[in-house]
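Step one of this worksheet: look at the structure below.
The values are calculated or read from the model by the stated rules, or taken from the named source; none is laboratory data. Quick caveat, the model's predicted, so the values are computed rather than measured. No Cβ is skipped: glycine too gets one built from the backbone with ideal geometry, and neighbour counts run over all protein chains shown. Surface accessibility is based on the protein's heavy atoms, side chains included, excluding ligands, DNA and RNA. Shrake-Rupley method; radii C 1.70, N 1.55, O 1.52, S 1.80 Å.
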Amino acid sequence: MDFGVVLQTHPPASRTVELARQAETHGFSHVWTFDSHLLWQEPFVIYSAILAATRKVVVGPMVTNPATRDWTVLASLFATLNEMYGNRTICGIGRGDSAVRTLNGRPSNLATLRDSIEVIRELANDRPAQVGDRTVRFPWAKGSELDVWVAAYGPLALKLTGEVGDGFILQLADPDITAWMVKAVRDSAEAAGRDPDAVKICVAAPGYVGDGASPSERAHMREQCRWFGGMVGNHVADIVKRYGTDSAIPKALTDYIKEREGYDYNEHGRAGNSHTRFVPDEIVERFCLLGSPHEHVERLRELQALGCDQFALYLQHDNKEETMRMYGERIIPALAEQVVATA
C-alpha cells in the first residue's frame, strides 16, 4: 500500500512545501492538495516548489474540477511539471465542490467530467485530443505521463469512474462503505471491458495519531476531525437530492445528514468548523482513523484487504508533524511487514 498526505495550500506557501518535504522523509509517496483558488493559494505554483524540494514524491490535486479550470491549461500544467521534474504528477478530479460553490456555481455534470478526463489525459500523455471541433496536441510534451483518478460517491459517478478512471478516490475510510463503492467501480470497469484490478483505489481520510486512552483525548481527536464529516456531507446531500434515501447507497452514508442545516465554505476543511456540529461521533470514528498506531494499522489492514492501493492522510488538525512521524516510524513499516510476511 502506498501512502499520501493531503495538504491545504494555506499561506505561507513555505509551510506547505516543508510539510511535503517531511512527508517524503517519513516514507509517503504522494503529496496531494486541495484545489480551491478563492479559499487557498494556487496549488500548481506550489507544486513546482514541492517537486524542487523533494526527490520522489508525486504531487497533484485532490481534487480539481472541469468547471473552474480550463482543461487544456490543466493538461499543460501537468505536462510542464513532468518535463521539469520527471513525470511526478497525478490528477485527481471530480465534479467540483468548494471551488465552484464559492463562486455560486454548480458542480459539472458527468458528461462534462467524462469529456474533461479524456482531454486532460490525452494531452498530458503526449497524445492528440479533440477539443470542440479541433484536434490539438502539445508539440513539446514528449514523454509526459499522467494518470487521472476520479473522486466519486453516487452510483452514476462510480460507474463513470470504472469506465474511464485510472484510479478511484474515495474520501472516507469506513470499511463497509468502501467495500460497496469499490465493488461498484470494479463491476463497472469489468462491464466496460476493462481489467477491474487495473483501476487503482485510493481511500482518503483524516488520520490523527495519539494515545487515545482517556475520554478527553479521544474527544479532542474527534473534534479536530469532525469537519471531514461535514465535507463528505456536501456530496451526500447532492446524492440524496438526486436518488432519495431508499436507493442502493449504504444507509450509513445517507442517514447522518438528516440534521444538516447548511454549510459555510469559508470554514471548509477547517478543524472546529461550526457548521459540522450535526456530524455524530460515530461518523467521525467510522470515516476517519483515530487513536493509537495499532488502531490505525488495524483499520488500514481492513482497507487493504478490500483492495485499497493507497491511503491518503488528510492533515487538517493540530497534530500534523507528530501524526506523520508516527506513520513513518510505526504505521507504514507495519503495513510493509505484513506484505513481506504474506509474500
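A compact table of results
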item	result
Volume per residue of the C-alpha convex hull in the chain, rounded to whole Å³	134
Pairwise label distance in nanometres, Ala191 with Asp281, each label 7 Å out on the Cα-Cβ vector	4.1
For segment 157-219: accessible area per residue (Å², 1.4 Å)	35
Antiparallel content of DSSP bridges confined to the chain, in %, to 5	10
Whole-percent carbon and sulfur share, accessible surface of segment 1-73, 1.4 Å	55
Accessible surface, per residue, of segment 1-148 when the full set of protein chains is kept, probe 1.4 Å, Å²	43
Contour excess over end-to-end distance, with Cα ends at Ala198 and Tyr243 and 0.36 nm allotted per residue	13.3 nm
Under 5 Å, built H, 5+ apart or other chain: amide partners of Gln171	Ala152, Ala204
Relative pair counts by distance (%), Cα atoms of segment 76-194, 5 Å bins	2, 11, 18, 19, 19, 16, 10, 4, 1, 0
DSSP beta bridge pairing in segment 1-73, given as percent antiparallel to the nearest 5	0
Net length gained if the chain between Thr72 and Glu337 were fully extended (0.36 nm per residue, minus Cα distance)	91.2 nm
Per-selection Rg to Rh, segment 173-244 - Cα, Kirkwood hydrodynamic radius	1.11
Relative packing of 288-296, 7-15, which averages over residues the other C-beta atoms within 10 Å, highest first	288-296, 7-15
For Val131, residues with placed amide H under 5 Å, excluding near neighbours	Val136
Antiparallel %, DSSP beta bridges [both residues in segment 122-230], to 5	30
Listed residue pairs exceeding 27 Å between alpha carbons, taken from Lys142/Lys320; Lys56/Lys183; Lys159/Lys320; Lys183/Lys241; Lys142/Lys183; Lys183/Lys251	Lys142/Lys320; Lys56/Lys183; Lys159/Lys320; Lys142/Lys183
Estimated FRET transfer efficiency (Gln41, Glu329; beta-carbon r; R0 30 Å; 0.05)	0.50
Low-density loop positions, GluC sites (Glu not before Pro), segment 125-234 - DSSP coil, at most 11 other Cβ in 10 Å	none
